[in-house]
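Student: Below you will find the structure I want to go over with you.
Every read-out reported here was derived from the displayed coordinates using simple, explicitly stated rules and does not represent laboratory data. Because the structure is a prediction, the values reported are computed rather than measured. Cβ atoms come from the backbone with ideal geometry, glycine included; neighbour counts cover every protein chain shown.
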Ligand SMILES: NC(=O)c1ccc[n+]([C@@H]2O[C@H](COP(=O)([O-])OP(=O)(O)OC[C@H]3O[C@@H](n4cnc5c(N)ncnc54)[C@H](OP(=O)(O)O)[C@@H]3O)[C@@H](O)[C@H]2O)c1
């Protein structure tokens, strides 16, 4: 019983300090001038999650919150909590049915002065059901999010008419509705080239399943010539599979060596390996834990050990 309370207290302490260390509230005192506040904000954006410069010229945070399966108030609260903890990248999709809730969580943080719109990087996706009405789908996403513009919009997956969808995304950029564009679930250089061949704007991001058991380093290597970033979905294998990754003995050994959790080791590995990563969670303690990965580094040997876990095995097949 005493142990349970000790564990709960420690968890709460970690959560509170984790968020405070990354939030603006903890750094800006009442006397701080506007300029100083601005500098603090910019610093938080860069230091709390690091960022990568996309081939579109925009900076994208390396770590974000995934929101698949999160709905309504649960989703809104998770997004708001994440922003308080220092997250600046939020991943959503028309298909998730939660763009309005994501927008609410972000706008709540903006209204409270925690962040400005331009510090947030929002990603959404055009779903297959909208592939014959992509221009209107972009407007639907804009209307649901209520954030003025979308930082990154992706084709959710290959499908009939996806090349036309890409053209609509390019129109979205030209019309100032979207800043960067990309594709999702295109796993081979050939898949990528089919879109790149018809593109006037090279995809900035390819968002794919990626975790210790499916690393797809050959695609990541291929994309370097276009300066296109590979973004990892399912860092923990997705709901229902997380134990398969988080209980891996190699990952647990590395976690022990750093006094970190398996989840933090996976995310740290993905960032050091050059990916952008978007773990999903509605649990405030996990949300705080997942961003506390910028205070340590994996050694070259540990990176090698993580690379050795690759089995070329995906959990999904879309
Ligand atoms: N483009 C695509 O086709 C595509 C497909 C799938 C996903 N995605 C995106 O990628 C994101 C990530 O994928 P995902 O959310 O499905 O799977 P995931 O991030 O691999 O795993 C989410 C699971 O991990 C648990 N979790 C999170 N942090 C944890 C921690 N520190 N310790 C232990 N468990 C933890 C979550 O539970 P709790 O909620 O309890 O924390 C949840 O059960 C999605 O949310 C979505 O935005 C994109």
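Student: When only alpha-carbon atoms count, how far does segment 233-318 stretch along each of its three principal axes, as whole angstroms with the largest first?
Tutor: The Cα atoms of segment 233-318 stretch 34, 31, 23 Å along their principal axes.
Student: Using the eigenvalues of the Cα gyration tensor, what equivalent ellipsoid semi-axes result for segment 43-176 when each is taken as the square root of five times the eigenvalue, whole Å, largest first? Walk me through the intermediate numbers first.
Tutor: Details: eigenvalues 120, 58, 31 Å².
Calculated on Cα positions only, the semi-axes equal 25, 17, 13 Å.
Student: Quick check on segment 49-307: of the DSSP beta bridges with both residues there, what percent are antiparallel, nearest 5%? Provide the component values of the computation, followed by the final result.
Tutor: On the way: 4 of 31 bridges.
So the antiparallel bridges in segment 49-307 amount to around 15 percent.
Student: Let me ask something else about it. Give me the one-decimal Kirkwood hydrodynamic radius in Å for segment 130-220, with the sum taken over alpha-carbon pairs. Display every interim value, and only then the final one.
Tutor: Details: mean 1/r = 0.0733 Å⁻¹.
One decimal place: 13.6 Å for the Kirkwood radius.
Student: List the equivalent ellipsoid semi-axes of segment 253-295 in whole Å, largest first, each obtained as the square root of 5λ for an eigenvalue λ of the Cα gyration tensor. If you can, show how the numbers build up before the last one.
Tutor: On the way: eigenvalues 51, 40, 12 Å².
With the √(5λ) rule applied to segment 253-295, the semi-axes are 16, 14, 8 Å.
Student: Segment 198-258: Rg/Rh from Cα coordinates, Kirkwood Rh?
Tutor: Rounded to two decimals, Rg/Rh equals 1.12.
Student: Using Cα pairs under 8 angstrom and six or more residues apart, how large is the relative contact order of segment 49-307, in percent?
Tutor: Values: 476 pairs, mean separation 49.9, N = 259.
Relative contact order comes out at 19 percent.
Student: Moving to a separate point now. With the crude spin-label approximation of a point 7 Å out along Cα→Cβ, what separation in nm comes out for residue 250 versus residue 225?
Tutor: Inter-label distance under the simple model: 2.9 nm.
Student: Restricting attention to the alpha-carbon atoms of segment 171-297, what are Rg (one decimal) and Dmax (integer), both in Å?
Tutor: Reported Rg and Dmax, both Å: 16.4, 50.
Student: On to the next question. Rounded to whole Å and sorted largest first, list the principal axis extents of the Cα atoms in segment 49-307.
Tutor: Computed over segment 49-307, the largest-to-smallest principal extents equal 50, 44, 32 Å.
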